[in-house]
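What follows is one structure encoded as structure tokens, with my remarks underneath.
The values are calculated or read from the model by the stated rules, or taken from the named source; none is laboratory data. Source: prediction; values computed, not measured. Every residue, glycine among them, receives a Cβ derived from its backbone with ideal geometry; neighbour counts consider all protein chains shown. Only protein heavy atoms, including side chains, enter the accessible area calculation; ligands, DNA and RNA are left aside. Shrake-Rupley method; radii C 1.70, N 1.55, O 1.52, S 1.80 Å.
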There are 2 protein chains.
Amino acid sequence: MKINGYLEHTALKQGMTEINIRDNLELCVAYNVPVIVIPPSFVKYASSLNIKEKISICTVIGFPLGYNTLKTKLFEMEEAISNGADEIDLVIDNSLLKENNWDIINYELAEYRKACEGKILKIIVETSLLSRSDLDNIVNSLINNRVDFIKTSTGFVGGGAKLEDIKFLKIFFGNKIKIKASGGIKTKDQALEFIDAGADRIGSSSTKLIIEN
Amino acid sequence: MKINGYLEHTALKQGMTEINIRDNLELCVAYNVPVIVIPPSFVKYASSLNIKEKISICTVIGFPLGYNTLKTKLFEMEEAISNGADEIDLVIDNSLLKENNWDIINYELAEYRKACEGKILKIIVETSLLSRSDLDNIVNSLINNRVDFIKTSTGFVGGGAKLEDIKFLKIFFGNKIKIKASGGIKTKDQALEFIDAGADRIGSSSTKLIIEN
């Protein structure tokens with residue numbers, strides 16, 4: 001199987017320079033990886049490099065803890081889109097889940113969807129910290145609010161993607177929302193297992209290792 | 001020595017509820033701790049609780065990775081202040097330091113200072129990731145831009161506060177900028193060592209342990 005098309009190359013380390021971002025973009029071009037995920041501070045720079053026909057630029061919003069306000073996340077998202085972002089990976093406010101505050105969760109999701117209509121919206125929920133019933137509830141909200149992807153993890157908190165969660169999501173929601181598995185996926189074997197379990201995309205910083213091995 | 005007055009009680013875990021925030025505020029009142037540090041999403045709630053005469057509310061901006069844009073950080077800060085924040089702990093963009101982009105660093109610091117004039121502004125630099133010469137340069141910029149405090153760490157990245165860095169800062173800059181030591185300070189002995197080395201404030205989530213032991 002051609003794995004490249006499933007990958008989102010993740011470059012989210014703190015302290016990268018413009019040269020690092022360019023190197024990461026060149027890696028995506030060299031390996032036919034369709035999406036790169038970079039910090040908001042580099043979206044304008046990456047967009048200026050004339051690689052938009054080859055690679056979609058994805059950025060992260062409210063990352064990685066998700067406890068910024070709704071207004072700040074909307075501002076950050078709108079700025080990212082005006083700077084050239086094609087895809088948005090937004091961290092949900094975990095506190096609202098803990099409080100079962102579904103009215104506000106649904107209101108916020110609707111606002112996020114509205115603010116990036118026409119772009120791909122992924123919501124990061126940190127599946128490793130959620131009960132199966134929380135996960136079930138949140139996926140239903142994501143679907144009702146026309147979110148494109150559920151993304152499992154930031155890679156900065158908790159245990160990352162688990163195969164069993166991907167299988168659960170695929171079986172019960174696979175025809176209604178896409179699944180991005182991320183957090184701790186570092187080898188080709190792992191990536192293939194996650195794709196086999198139902199992941200539509202794999203987010204990883206180990207792109208080279210995954211493709212070459 | 002009365003340690004309480006040096007403490008900023010840190011409540012920055014992901015997934016807290018309003019009840020958790022209220023418990024943390026009550027802990028500050030009970031132990032005469034003058035400052036609480038909470039996520040931006042809880043500033044409005046904490047401000048509504050009528051504890052402002054007793055406790056200053058501090059929040060974190062661009063936290064913990066610092067790679068949000070200048071505009072987003074300014075927006076987040078201004079919203080936090082209008083929600084009731086008295087103090088701002090803002091994470092510097094580490095990439096600008098790596099690129100030695102001093103013109104932009106100074107421009108951004110001036111913007112941050114201007115946007116929270118009259119409030120206490122602390123800039124988080126993650127000292128454990130910086131060379132001595134980088135630290136020297138950045139502290140000079142902070143002082144030139146009238147930043148109130150240098151804060152050592154987010155507690156989410158790198159090695160946290162080191163005694164030797166506090167001593168260096170105190171000896172060379174102690175009369176020009178205040179020092180907040182944070183990241184990994186969990187016991188009374190540690191806190192006292194950092195105060196002895198020159199820290200003006202200690203940021204820790206282990207407030208109860210530090211005061212009671």
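Values computed for the structure shown
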read-out: Neighbouring partner chain Cβ atoms per residue of A:11-21, average, 10 Å criterion; value: 5
read-out: Under-5 Å amide H pairs with residue B:204, H placed in peptide plane, nonlocal only; value: B:8, B:10
read-out: The stretch B:83-97 - phi-based ³J(HN,Hα) in whole Hz, Karplus 6.51/-1.76/1.60, Gly and Pro as x; value: 7, x, 5, 9, 9, 10, 10, 10, 7, 5, 7, 4, 4, 5, 5
read-out: Nm distances between copies for residue B:144, ranked from closest, using label points 7 Å along Cα→Cβ; value: 5.4
read-out: Reachable aspartates and glutamates, given that their alpha-carbon falls under 19 Å from the alpha-carbon of residue A:114 and they are not under 8 places away in the same chain; value: A:76, A:78, A:79, A:86, A:87, A:89, A:93, A:103, A:148
read-out: Backbone HN-Hα couplings from phi across the stretch A:168-182 [Karplus 6.51/-1.76/1.60, Hz, Gly and Pro as x]; value: 4, 4, 5, 5, 8, 10, x, 8, 10, 8, 8, 10, 10, 8, 8
read-out: Chain A, helix-only ellipticity at 222 nm - DSSP H runs n ≥ 4, -39,500 (n - 2.57), divided by all residues, nearest 500; value: -12500 deg cm²/dmol
read-out: In the B-A interface, the accessible area buried, summed over both sides, Å² (probe 1.4 Å); value: 2800 Å²
read-out: In Hz, Karplus ³J(HN,Hα) per residue of the stretch B:53-63 (6.51, -1.76, 1.60; θ = phi - 60°; x = Gly, Pro); value: 6, 9, 9, 7, 9, 10, 9, 10, 10, x, 9
read-out: Compactness of the stretch B:1-100 - radius of gyration and Dmax, Cα, Å; value: 14.5, 45
read-out: For the A-to-B rotation axis, chain A residue with nearest beta carbon and its distance in angstrom; value: A:75, 2
read-out: Ellipsoid semi-axes in whole angstrom, largest first, where each is sqrt(5λ) of the Cα gyration tensor of the protein assembly as shown; value: 36, 25, 19
read-out: Other protein chain Cβ atoms within 10 Å, averaged over every residue that makes up A:60-71; value: 6
read-out: Accessible area per residue in Å² at 1.4 Å probe, computed on the stretch A:3-212; value: 40 Å²
read-out: Shielding by partners - mean other protein chain Cβ count within 10 Å, residues of B:84-95; value: 2
read-out: P(r), alpha carbons of chain B - 5 Å bins starting at zero, rounded %; value: 1, 7, 17, 20, 21, 17, 11, 5, 1, 0
read-out: Relative contact order computed over chain B (Cα-Cα under 8 Å; 6+ residues apart), in percent; value: 18 percent
read-out: D (Stokes-Einstein, µm²/s), Kirkwood Cα radius, the stretch A:114-192, 1.002 mPa s at 20 °C; value: 166 µm²/s
read-out: Relative packing of peptides A:189-195, A:57-63 - highest average C-beta neighbours within 10 Å first; value: A:57-63, A:189-195
read-out: Listed residue pairs exceeding 22 Å between alpha carbons, taken from A:119/A:151; B:71/B:178; B:119/B:176; value: B:71/B:178
